[in-house]
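The values are calculated or read from the model by the stated rules, or taken from the named source; none is laboratory data. Bear in mind the structure is a predicted one, so any value in this text is a computation, not a measurement. Counting neighbours? That spans all protein chains shown, and the Cβs are built from the backbone with ideal geometry, glycine included. What goes into the accessible areas is simple: the full protein's heavy atoms, side chains included, and nothing from ligands, DNA or RNA. Shrake-Rupley method; radii C 1.70, N 1.55, O 1.52, S 1.80 Å.
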Amino acid sequence: MDLNFTKEEIAFRDEARHFFRTAIPESIRAKVAEGEGLTRDDMITAQRILNARGWATPNWPVEWGGQDWSPVQVYLYQDEMQQANCPSPIAFNTSMVGPVIAQFGNEEMKRRFLPATANADIFWCQGFSEPGSGSDLASLRTKAERKGDKYIVNGQKIWTTLAQYADWIFCLVRTDPAAKQQEGISFLLIDMKTPGITVRPIVTMDGGREVNEVFFDNVEVPAENLVGRENKGWDYAKFLLGNERTGIARVGNSKAKIARIKELAALEFAGEQPLIQNARFLEKLAAVEVELKALEMTQLRVVSDERKLEKGKQNPASSILKLKGSVIQQQLTELLMEVVGPYVMPYQREFDGKNEPIVGPEYATEAAPMYFNYRKVSIYGGSNEIQRNIIAKAILGL
Amino acid sequence: MDFDLSEDQRLLKESVDRFITDQYGFEQRKKYMREPAGYNPAMWDQITEIGLLGLPFEDTLGGFGGGGVETAIVMEAFGRGLVLEPYFATVILGGGLLRRAAPEATLGALAPRVAGGKLKLAFGHVERHSRYDLADVTTTARKDGSGYVLNGAKSVVIHGDAADKILLTARTGGERRDRAGIGLFMVDPTSPGVARRGYPTQDGLRAAEITLDNVRVSAGDVLNDNALPLIEHVVDEAIAALCAEAVGAMQVMQDLTLEYLKTRKQFGRPIGSFQVLQHRSVDMLVALEQARSMALFAAVMAEETNPIERRKAISAAKVQIGRSARHLGQEAIQLHGGIGMTNEYAVGHYFKRVTMIDQMFGDADTHLAFLARHGGLFGRAA
């Protein structure tokens, strides 16, 4: 047992650290650190820088631009990227639809989509959830009827993150209404410019505009946009969801947040002392740090084990990464808000586009919106309650 | 970076696991507890034969030079069996103190006897008002010729009644809570002026109260006259060992609870089919895996030579183990219902042991405060 990284691993870590902190524009990284939303251009700029080095899609097959890294390298890459407040590559592109196309798409589809997806020439969004199908995703009703060489799509998707930026959407659609729920679903790629698609924003409680409703009204989709085989979409969706096992804990992000909290706690005063010297505050923070250290060790156990596990097998410890990682992220946004104090109150998005000075310190403006926004992390991608259902069944055998 | 065990470690694990499986079933343990000593001398002999008593010592001293990982392997298995014999007191504490704080001649003379099962040790450090502060020592050591005369008392000395020799702290100089001037002495419990009262602890182990009334200690039994930093290192190693023991005990509680959820039927079906209990057992799993991760971290960091980094890591582990064990243990009892309350059934005994572990060498809050005072684990220091 050796918890130290090898010389080669350390060299790789240092290379990644240097790259993320020099190649990605400071202005973009500052936005990530502050919790300020990124523009479409920011995301595309960052991804193209990564892609130029082959680092946007390390998890892909090598022939399509993957890196064939060891699990430890993947871990270090993610950890350094997150700690540097570098935006992760667009998840819809690189960890969702890309791997599905690479695994299940035909050669023509791969040539058509994979390079453009890696380089963010196509910005993807994900059409899974529907108003009546959240946790019970397999009950989805958006239907695609085959007519000649086309599918005709009708229905509605919801919680579609960044649909307003997207060029394309990958959708789960019902192609066989007669079949058992999971067996009548297909995985379809749809150009957002197709007539009949309407995107309507949903404003979240933090005032942000991340998620949308997407309506499909007799949308004609070429049959060649079907991924893999008809009615096998549920298998592809499961592959997609099971794909990212370790990055999901977002340990590096949480480390960056702790560094930020400590930085700000040195500037804010509670009585005579800066908050960073307040015992009660420090103990609250230390309690989260302990959980994060434990989670980091848990993640490293999973990473170290990945080399030995057969494909498809899962280390029981990996199942807790999302559950614990999401709660830790939320606790840290809570502490970040507490550090700022009364200046969390002004709702400063009010001033967007107006030439008025902000109220209070710059770092205060996003503290409360980030806290509100981060409630989502225990809901999206299968809520923590669904995670518990899955773990109870798959790991505990209940 | 890898978490794999070496070939030697794997063999050690196999033999300790086999010992626990064969010799330390819950019903067998109940019998051992009824022995006059509160443990089974035959088991002590077996532990000796497997070679576990020599863990911390070099092979020239009859040991096998084990470190944090080897200690964790043994202690996790012992946690599964709730081992009663004075292994922790003799080897982890006593052996550790000999190795780190005693003169070479003393180590050379005593280590082979410990390794051979001929010498049981205990460590007295708690005093009436010291709580978890190792520097809060009022027991005095007055220089007397080439030796010392000790006066004072030590409380809750784990396995103090079984020990052939008791290692204890006494002040050779300085004020009550000074870090300097804390000596480490070896006392024969049968020597004049030593009174010892043994008793059972909540978890079925044993401890003793020791009082010292003008007890003469010869020069050869003065292990160190200024020992606190060395004692702290040994205590850190001991905490790492307790973390591993707690993980072993927690694993059994988790297994027992899952087994019970799958077999106990109410309302016509196994109670494990109820979602409210499923989710609670998942949270127990989370607590267990987080604790296991930190026990590993502690095992590795116990050997760290930078004392502040070492102590922060060990404190973090003790916090996690304390929190995890309390949550998992309480839930294990609750999910069992009435049967979990009984003395006859195993789960309560594991619960009692992990509860006592939290009270040893600083509870979760004490260690959290230490960690907070020293800037935490991540990011910029305070």
Query raised in the report: Anyone know which of A:N85, A:N315, A:N119 comes out most mobile in the 10 Å Cα GNM of chain A?
Result: A:N315
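Using a simple charge model, +1 on the beta-carbon of Lys and Arg, -1 on the beta-carbon of Asp and Glu, nothing else, what dipole does the stretch A:7-89 show about its Cα centre, in debye to the nearest 20? Kindly include the intermediate steps, with their values, before the conclusion.
Numbers: 9 positive and 13 negative charges, 29 e Å.
Once rounded to the nearest 20, the dipole reads 140 debye.
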Report summary line: Working note, the stretch B:197-343: Cα radius of gyration (Å, one decimal) and Dmax (Å, whole number) are 20.8, 72
Query raised in the report: Over chain A, what number does the Rg to Rh ratio reach, with both radii from the alpha-carbon atoms and Rh per Kirkwood?
Result: 0.97
Report task. Report, in cubic angstrom per residue, the convex hull volume of the C-alpha atoms of chain B. Result -> 145
Requested in this report: Enter the mean projected area of the convex hull around the alpha-carbon atoms of the stretch B:263-322, in nm², rounded to one decimal.
Outcome: 4.9
Report task. Treating the Cα atoms of the protein assembly as shown as identical point scatterers in vacuum, please give the log10 of the normalised Debye intensity I(q)/I(0) at q = 0.05, 0.08, 0.09, 0.11 Å⁻¹, two decimals. Result -> -0.32, -0.77, -0.93, -1.23
Report task. Could you tell me how many degrees, from 0 to 90 and to the nearest 10, lie between the Cα long axis of helix A:107-118 and the main elongation axis, the longest principal axis, of the Cα atoms of chain A? Result -> 20
Report task. For the stretch A:41-116, count all C-alpha to C-alpha pairs, find those more than 16 Å apart, and express that count as a whole percent of the total. Result -> 49
Report summary line: For peptide A:295-308, the mean count of other chain Cβ atoms within 10 Å per residue Cβ is 4
Query raised in the report: Helix-derived [θ] at 222 nm for chain B: sum -39500 (n - 2.57) over DSSP H runs of at least 4, divide by residue count, nearest 500?
Result: -16000 deg cm²/dmol
Report task. Please build a GNM for chain A, connecting alpha carbons under 10 Å apart, and tell me which residue among A:I24, A:I197, A:I358 fluctuates the most. Result -> A:I358
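Using only atoms on other chains, find how many Cβ atoms lie within 10 Å of each Cβ of peptide A:255-267 and report the average. All intermediate terms of the calculation are to be shown ahead of the outcome.
Values: counts 3, 2, 2, 5, 3, 2, 4, 7, 2, 0, 2, 2, 0.
Per residue, the average neighbour count from other chains is 3.
May I ask you to list the trypsin sites (Lys or Arg not before Pro) in the stretch A:304-398 that are in a DSSP loop and have at most 14 other Cβ atoms within 10 Å of their Cβ? Numbers along the way, then the final one.
Details: sites: A:R307, A:K308, A:K311, A:K313, A:K322, A:K324, A:R349, A:K354, A:R375, A:K376, A:R388, A:K393; in loops: A:R307, A:K308, A:K311, A:K313, A:K354.
Hits after loop and neighbour filter: A:R307, A:K308, A:K311, A:K313, A:K354.
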Report summary line: Counting only protein heavy atoms and leaving out ligands, DNA and RNA, the solvent-accessible surface of B:K262 at a 1.4 Å probe, in Å² to the nearest 10, equals 90
Requested in this report: Leaving ligands, DNA and RNA out of it, work out the accessible area of A:Y343 with a 1.4 Å probe and give it in Å² to the nearest 10.
Outcome: 100
Report summary line: Across B:L277, B:L296, B:L93, the residue with the highest GNM fluctuation in chain B (Cα network, 10 Å cutoff) is B:L277
Report summary line: Quick shape check on the stretch B:7-119: root eigenvalues a ≥ b ≥ c of the Cα gyration tensor, a/c under 1.5 is rounded, otherwise prolate if a/b tops b/c, else oblate, and it reads oblate
Query raised in the report: Using the beta-carbon distance between B:K30 and A:D235 and R0 = 56 Å, what value does 1/(1 + (r/R0)^6) give for FRET efficiency, to the nearest 0.05?
Result: 0.60
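Can you compute the helix-only [θ] at 222 nm over chain A? Use -39500 (n - 2.57) per DSSP H run of at least 4 residues, normalise by all residues, nearest 500 deg cm²/dmol. Don't skip to the end; give the middle numbers.
Details: 12 runs with 162 residues, N = 398.
The helix contribution divided over chain A gives -13000 deg cm²/dmol.
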Query raised in the report: How many nm is it between the label spots at A:Q277 and A:Q67, if each spot is 7 Å from the Cα in line with the beta carbon?
Result: 4.3
Query raised in the report: Along the charge dipole of chain B, which of B:L121, B:G96, B:I321 sits closest to the positive end, that is, farthest toward it, with unit charges on the beta carbon of Lys, Arg, Asp and Glu (+1, +1, -1, -1)?
Result: B:I321
**Report entry** Shape category assigned to the stretch A:7-89 from the gyration tensor of Cα positions, a/c cut at 1.5
**Finding:** oblate
Query raised in the report: By how many degrees, between 0 and 90 and to the nearest 10, does the Cα long axis of helix A:7-23 differ from the longest principal axis of chain A?
Result: 90
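Taking R0 as 45 Å, what's the FRET efficiency between B:H129 and A:I10 from their Cβ-Cβ distance, rounded to 0.05?
On the way: r = 48 Å, r/R0 = 1.06.
According to the calculation, E is roughly 0.40.
Please sort by residue number the chymotrypsin sites (Phe, Trp or Tyr not before Pro) in the stretch B:193-288 whose DSSP state is loop and whose Cβ has at most 12 other Cβ atoms within 10 Å. Provide the component values of the computation, followed by the final result.
Details: sites: B:Y260, B:F267, B:F274; in loops: B:F267, B:F274.
Answer in residue order: B:F267.
So for B:R80, A:R53, B:R216, what's the accessible-area order with a 1.4 Å probe, most first? Don't jump to the answer; show the numbers that get you there.
Values: B:R80 65, A:R53 90, B:R216 160 Å².
Descending order: B:R216, A:R53, B:R80.
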Report task. From the P(r) of the stretch A:124-233, can you give the percent of Cα pairs sitting at distances over 20 Å? Result -> 34
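If you put +1 on each Lys and Arg Cβ and -1 on each Asp and Glu Cβ, how big is the dipole of the stretch B:7-119 around its Cα centre, in Debye rounded to 20? Before the final figure, lay out each step's value.
Values: 12 positive and 15 negative charges, 88 e Å.
In debye, rounded to 20, the stretch B:7-119 gives about 420.
What do you reckon, how do A:H18, B:H159, B:H327 stack up by accessible area (1.4 Å probe), largest on top?
Values: A:H18 125, B:H159 5, B:H327 75 Å².
Most to least solvent-accessible, the answer reads A:H18, B:H327, B:H159.
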Query raised in the report: Given A:A118, A:A144, A:Y77, which one lies farthest toward the positive end of the charge dipole of chain A, if we put +1 on the Cβ of every Lys and Arg and -1 on the Cβ of every Asp and Glu?
Result: A:A144
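What is the mean number of Cβ atoms from other protein chains located within 10 Å of the Cβ atom of each residue in peptide B:309-322, rounded to a whole number? Show your work: numbers first, answer last.
Values: counts 0, 0, 0, 3, 1, 0, 2, 7, 4, 1, 8, 6, 1, 0.
What the average comes to for B:309-322 is 2.
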Requested in this report: Report the accessible area of B:D8, computed with a 1.4 Å probe over the heavy atoms of all protein chains in place, in Å² rounded to the nearest 10.
Outcome: 120
Requested in this report: Would you mind working out the magnitude of the charge dipole of the protein assembly as shown relative to its Cα centre, with +1 at each Lys and Arg C-beta and -1 at each Asp and Glu C-beta, to the nearest 20 Debye?
Outcome: 1380
Query - Three-way shape call for the stretch B:122-225 based on the alpha-carbon gyration tensor, with the a/c threshold at 1.5 - result: oblate
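At a 1.4 Å probe radius, which order do B:T139, B:T355, B:T305 fall into by accessible area, largest first?
On the way: B:T139 0, B:T355 45, B:T305 115 Å².
Ranked list, largest accessible area first: B:T305, B:T355, B:T139.
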